[in-house]
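The values are calculated or read from the model by the stated rules, or taken from the named source; none is laboratory data. The structure displayed is predicted, hence computed values, not measured ones. Cβ placement follows ideal geometry from the backbone for every residue including glycine, while neighbour counts extend to all protein chains displayed.
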Amino acid sequence: MNWLQSREQRELMEQMRASRGRLYRVAFAWSHDAALADDLAQEALTRGLSRIDQLRESAKFMSWLFSILNRCWIDHLRAQRRDVDDESLTELPSDLPGPDIHAERQETVNRVRSAIAALPLGQRQVVTLVDLEGFSYAEVAEVLEIPIGTVMSRLCRARGSLRELLMEQVAAQPRLRSVK
Amino acid sequence: MNQELKFSDEHLNAFVDNQLGTQECDEILTAIATDAELGQRLCELRSAKELVRHAYGRVPNSRRPANRHFSIWSGALAASLTLVVGVLIGWLGHQSATAQESPGATAAWTARLFASEPTRILIHLDSSRSEQMDAALDLAEAYLAKVGNARVEVIANNRGLDLLRARTTPYAIRIAGIKSHYDRVGFIACGQTIARLRGGGEDVALVPEAAVTRTAIEHVAERVQQGWTYLKI
């Protein structure tokens, strides 16, 4: 089995092994559903394994793998919403219930997750790929198969919305009253 | 000068995300020194970025416990994973025994398999294209006939599951025939694909010869770890 001896291949395999947690985390940030995120990560790895011959540059492995995750996610959404095309899917407002506020007591975490869950899908994907995975704008464009200008505008709108949503929630919180 | 006009939000986001060149970064850094409002905008953007990272620093555990059944992603099985994908790369690199490759190369690939005569082969199908379904069954049948003691499994996932679905397979009779003729053959369906289809409201009934495994990828990894030869159609 001399193909196992290639250093590049061994590194690629190590990346594959290590990438499951990253895929899962981003899938969770997109779906806020642990079971679904698990399925998506597993499915992305399955597809990745079966198509690994299509990977031309090992340097692009991660963006290639995340582009497969994106395709799995789109396929899942399309199965749920057969009435809309891919482009419209990214603009759909979230119909997710949002994270269960009572499940965790980390108030800030829940607030931010709720704000992310409220973003339209396209914005949610861009902001999580940039902030969680540290992908460059060019890589995100590759992963999501969209122009780099769209990446920038979605990110801009996402951060603007996040800022507003978070500020609103902070303002809506009951304030401490001084007790004499 | 009003910096809001000079630096768009997209520009400032690119700065926060380290996507600008040195000169553009210098321009913004210089401007911050004299524009408190610009500094505030950048601070808010950076805070938003940090909050997102913080919010997903710890996510709920995957529903798959590390030691339940078989988890190919556990550290203990890293070596087998290397083997799995190594084999994949090896076979796929040689293989492309599909429509894209020349008949000569396909013949050479098949000849190599038949010459080495492994006693256990796993044939993986993830496409519903009829020529690939044909190829999977042809290979399974030919190999069973050629190597008397060989065990052969055909595993189907994604669209390949159509081969084993009672309502979609064009090969129900052929599968039944192969199975009745050779007790050394197995037809395996991916449980994850079935669950996904059912989740989408589809009725998934399999041909009676099919067994179900939890996920195709885990099954492949397990078989390769046990020494099976893996073939992707």
Some residue of the range A:51-59 being crowded, with 21+ Cβ neighbours inside 10 Å and more than 9 Å from chain B (Cβ to nearest Cβ): no
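In this structure, is A:W64 modelled with pLDDT of 70 or more, within 21 Å of B:V59 (Cα to Cα) and under 18 Å from the mean Cα position of the chain (by Cα)? Full working, then the answer.
Details: modelled with pLDDT of 70 or more: yes; within 21 Å of B:V59 (Cα to Cα): no; under 18 Å from the mean Cα position of the chain (by Cα): yes.
So A:W64 does not fit the description; no.
Test B:A140 against the stated conditions and say whether it is touching a residue at least 12 places away in the same chain (Cβ under 8 Å), outside any strand (DSSP E or B) and small (G, A, S). Steps first, answer last, please.
Numbers: touching a residue at least 12 places away in the same chain (Cβ under 8 Å): yes; outside any strand (DSSP E or B): yes; small (G, A, S): yes.
In short, yes.
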How about the range B:187-221: which of its residues are over 15 Å from the mean Cα position of the chain (by Cα), surrounded by 16 or more Cβ atoms within 10 Å (Cβ to Cβ) and of a type in the set (D, E, K, R)? B:E209
Quickly run through the range B:188-233 and pick out the residues that are within 15 Å of B:I123 (Cα to Cα) and of a type in the set (D, E, K, R). B:E218, B:E222, B:R223, B:K232
